Amino acid sequence: MEDQILIATERLVKHYPMGKHLFTALNDITITFKSREFTGLVGPSGSGKTTLLNIIGALDSPTRGLVRVMGQDTGTLSHKQAARLRSIYLGFTFQTYNLLPVYTVYENVEFPLLLLDMAPAQRKKAVLQALEWVGLMDKQKSRPSQLSGGESQRVSIARAMVKAPKIVLADEPTANLDAANSHNILQMMIKLNEELGTTFIFASHDDKVIGYLKRKITLTDGKVVEDARMDLPEGRNTC
Amino acid sequence: MIRFLVKGLLRDPNRSVFPVLIVGAGVMITVLFYCWVLGVREDITRTSAVLDTGHVKITTKAYGEIPGQMPNDLALSGIGRLVPELFRDCPEMDWVPRIKFGGLLDFPDDKGETRVQGPVLGMAVDLLTPGSTEVRRLNLAGAIVRGRLPEKPGEILVSEEFAEKLGVDLYETATLISATATGGMAVQNFILAGTVRFGIGVMDKGTLIADITDIQYALDMADSASEILGFFPDMNFDEVRALGEKTRFNAVYENIRDEFSPVMTTLKDQSGPGEYLDWVDRWIFIFIFVFILVMSIVLWNTGLMSGIRRYGEIGVRLAIGESKGHVYQALIGEALATGMAGSILGTFLGLGFSYYLQEVGIDISGMLQSAAILFPNILKAKIGSGAFYIGFIPGLGATVLGSLVSGISIFSRETSQLFKELET
Ligand SMILES: Nc1ncnc2c1ncn2[C@@H]1O[C@H](COP(=O)(O)OP(=O)(O)OP(=O)(O)O)[C@@H](O)[C@H]1O
Ligand SMILES: [Mg+2]
C-alpha cells in the first residue's frame, strides 16, 4: 500500500488566451503522486504552480492531456462527479485562507462534513478532532474576522483535514505568515502526514517550506525542470 | 445543510436584509400604484356613471350622435311607456329618465329687472317622487352646503360656487331662461332651495338641479327625456350583463330606420370613461411588466456588486466539494426566501399606505381647474383583492429571475476563475 498512485498526469498542457496569442502556463507535464507524499511544487512566480494544483483538484480543466485522481479521469467527470471526488478525497487550503466569513470557526470546519451527509454525532466528533489537531479548541465560536493570519490558516487546514481526505492540496500555505507561524503550520502538517498518512502537495516559493519537503518538484515556465527526493530533510527532527 | 445555509443568509445583511428591503420597497410601490389606480378607476367609473353615463344609457339615435350639444329637440319621447317596459324586461336594474339642458339663471331685483345672472348646466332628475332613487344616487343630501333639498315643485338647487359668485341667497326667486324642445324660448320661475357641492370640478361651477317634471313642463317636453339611464344594483358596473342588455334592447329597434328610435349604449361605449378604463387597464399591465424588468436589473446589479465577495464564497464551496448544481439551487432558494420576505413586507406596507389613501385620499382639485371631464377632486385608493398578490409578481419574479440569470455564471466559469476574482 505504501506506493499506491493517487494522482497521475499525462502530457498536461494549459494555455491561457493572452491578447491574440496563447500563453502556455503548463507545458507537457507528466508526473505522479503516491500516497503518504509530502511534496512541494516550487518555482518562481508565474511558473504554473497554482495552475497545476487547480487542475489536479479539478477546479480547472487542462487544454490537453490527462489527469487521473484516485483512478478517475477528471476530464470525463460531470460537475457532480467532480464535486463528489473533491468532497471525498481532496482537501484544499488557500493562500488567502478563504474562510466563509459569516460562519464561526466550528461551522467552517463542519461544512465539508455536511456535504458528506455525516450523522450529527459523528460530525461533531470529527470537527472537534480537527480543531484539536490544529490547536484551536478555544476559538470554536470565533468568526474568521476575529482570527490572526496564522489562526486562519490553521482553520483552513482543519477544514481540509476534517474529512480525513487522501490528499490535501495547499496553495502557498505560509505566504502570509511570519516565520514562527510558518514553522508551526508546517510541523503540524508533517505530523498529520505521518500519523494519518495524508498526502500533502504544496505550491510554494517559501524557503521555509522547502526544508520540510520529502519531495521537491521544480517548475519553470510551466515545465518540470527538477523532481528530487529530499533525504534527511532538515528541521523535521526539531519538533 | 439547509439550516447551515439559512444561518449564513440571516447573518449576512448583504444577502438578507438589503435585498429584502429593496424588494420590499419595490413591492410597496407596486401595491400602492395598483390600489391607487384601482381606486381612481372606480371613482371615475362611479362618478361618470352617476352623473353622466349610467351603466347603460338610452337616447334617440340622433341624440346619441351629438350628446355634447344637449339637443333636446332630439329627445326621447314616450318615456311613460318606455320606462315601465324597461322595468318589465330587465327588473334587476333601476331605470331613470333625465333631462340635460343649458340656460341662463337670472336673479331679479324688487322691480323684476335682472340683478345678476349666469349660465348654468341643468340636470333634471326625479327629486320629488317619494322613495326616488336619484336623490340617494346623486348623494344630494350629502352635497348640500346651504339650505335643503327641494320638497315641492318649483324648487331647485344650484352649485354653491355659483351662488357665491352671484351673491344670491336661499329662497330667492330665480328665472330660468332656456330653449324649449321645439326651439321656442322657455322662461320659468323657481325658488332656490339649497346649494350643493359635489367635489367635482366641472359640476361645481354652475350646475342647476331641478325636478324632471318641472323641467318637462318648462321646456315643453311632456312625456320626454334627454336620456334614460339604467343602473345595476349597488352601483357595480357589470360589463358582461351591460353588454347583454344592450344587445337585447337594440335588437328590438334594429330595423327601424327612424332617427328618433331609441338606442342603448353601455358605460364603456361612451368615449370618456370607456377610453379611460381601457387606458388604465393597459397601464397597469405595462407598469407591472416594466417594474419586473427594472427590479430585475436593480437586484441583479446588487447581486453583481456583492458578486466579488460571493464568487469567492462560491469558489470555496465548490472546492470543498459542493456541486455546481447544488450551489445554484441554494442561490435560487435564497432568492425565493428573500423575494418572499420582501414581497410580504412590501405588500404589508403597500396595503398600509393604500388604506390611508383609501380613507383620506389626495386632493387634486388644484390640478383640475380647467378639466372638462368628470373627475373627482379627491382621489382615493382602493384595496382590491389583487392588491394582496400583485406585488408578488415583481417581488418574487424579479428576485428569482435575477438569480436564475446571474447564477448561470457559476456554470460558465472555471471554478479556479471564481477564486481569481476574489484575489484580484
Ligand atoms: N486566467 C488566466 N488567464 C490568463 N493567464 C493566466 C490565468 N491564470 C494564470 N495565468 C498565467 O499563468 C501563469 C501561471 O500562473 P500560476 O498562477 O499558476 O503561477 P504560480 O506559479 O502559482 O505563481 P505565484 O507563485 O505568483 O502564485 C502566470 O503567468 C499567469 O499570468
Ligand atoms: Mg500561485
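Laid out as a table, the results:
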read-out	value
Chain A, dipole about Cα centre (Lys/Arg Cβ +1, Asp/Glu Cβ -1), debye to the nearest 20	600
Number of partner chain Cβ atoms within 10 Å, mean per residue of A:96-103	6
Label-point separation in nm, B:TYR253 to B:LEU21, each point 7 Å along Cα→Cβ	6.3
Virtual spin-label span in nm between B:LEU243 and B:ARG148, 7 Å along Cα→Cβ	4.8
Accessible surface, 1.4 Å probe, highest first, among residues A:TYR89, B:TYR311, B:TYR217, B:TYR356	B:TYR217, B:TYR356, A:TYR89, B:TYR311
Among A:ASP60, A:ASP117, A:ASP171: highest mean-square fluctuation, GNM of chain A, C-alpha pairs under 10 Å	A:ASP117
Along chain B, longest interval not containing exposed GluC sites (Glu not before Pro), exposed being DSSP loop plus at most 12 other Cβ atoms within 10 Å	B:255-424
Per-pair calculated FRET efficiency, R0 = 30 Å: B:ARG81 and B:ILE378 via Cβ, rounded to 0.05	0.15
Pairwise label distance in nanometres, B:PHE285 with B:ARG46, each label 7 Å out on the Cα-Cβ vector	2.6
Accessible-area value, A:ARG143, 1.4 Å probe, nucleic acids and ligands omitted, Å²	70
Average beta-carbon neighbours from other chains, 10 Å sphere, peptide B:320-330	6
A:ARG159, B:ARG41, reordered so the largest accessible area comes first (probe 1.4 Å)	B:ARG41, A:ARG159
Relative contact order of region A:5-225, defined on C-alpha pairs under 8 angstrom at six or more residues apart (%)	31
For B:ILE191, distant residues with modelled amide H under 5 Å away	B:GLU155, B:ILE156, B:ALA174
DSSP bridge orientation in region A:5-225 - percent antiparallel, rounded to nearest 5	55
Accessible surface ranking that places the most exposed of A:HIS205, A:HIS183, A:HIS21 first, with a 1.4 angstrom probe	A:HIS21, A:HIS205, A:HIS183
Highest-fluctuation residue, B:ASP223, B:ASP12, B:ASP94 considered, GNM on chain B with Cα pairs under 10 Å	B:ASP12
Packing-based order for A:148-154, A:217-223, using average beta carbon neighbours within 10 Å, highest first	A:148-154, A:217-223
Options A:LEU41, B:PHE162, A:VAL155, ranked by Cα towards positive dipole end of the protein assembly as shown, top entry (Cβ charges)	A:LEU41
Choice from B:ILE58, B:ILE378, B:ILE66 with maximal GNM fluctuation in chain B (Cα, 10 Å cutoff)	B:ILE66
Theoretical FRET efficiency, 1/(1+(r/R0)^6), r = Cβ-Cβ of A:LYS80 and A:GLU194, R0 22 Å, to 0.05	0.05
Highest average packing first - A:94-104, B:175-185, Cβ atoms within 10 Å	A:94-104, B:175-185
Environment charge of A:ILE88, counting only residues whose C-beta is closer than 14 Å and scoring Lys/Arg +1, Asp/Glu -1	+3
Extended-chain gain in nm, criterion 0.36 nm per residue less alpha-carbon gap, B:GLU414 and B:ILE364	12.2 nm
FRET efficiency for B:ILE332 and A:LEU128, using Cβ-Cβ distance with R0 set to 41 Å, rounded to 0.05	0.75
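The values are calculated or read from the model by the stated rules, or taken from the named source; none is laboratory data. Keep in mind that what you see is a predicted model, and the values were worked out from it rather than measured. Neighbour counts are summed over all protein chains in view; Cβ atoms, including those assigned to glycine, are modelled from backbone coordinates with ideal geometry. We work out accessible area using only protein heavy atoms, side chains counted, and drop any ligands, DNA or RNA first. Shrake-Rupley method; radii C 1.70, N 1.55, O 1.52, S 1.80 Å.
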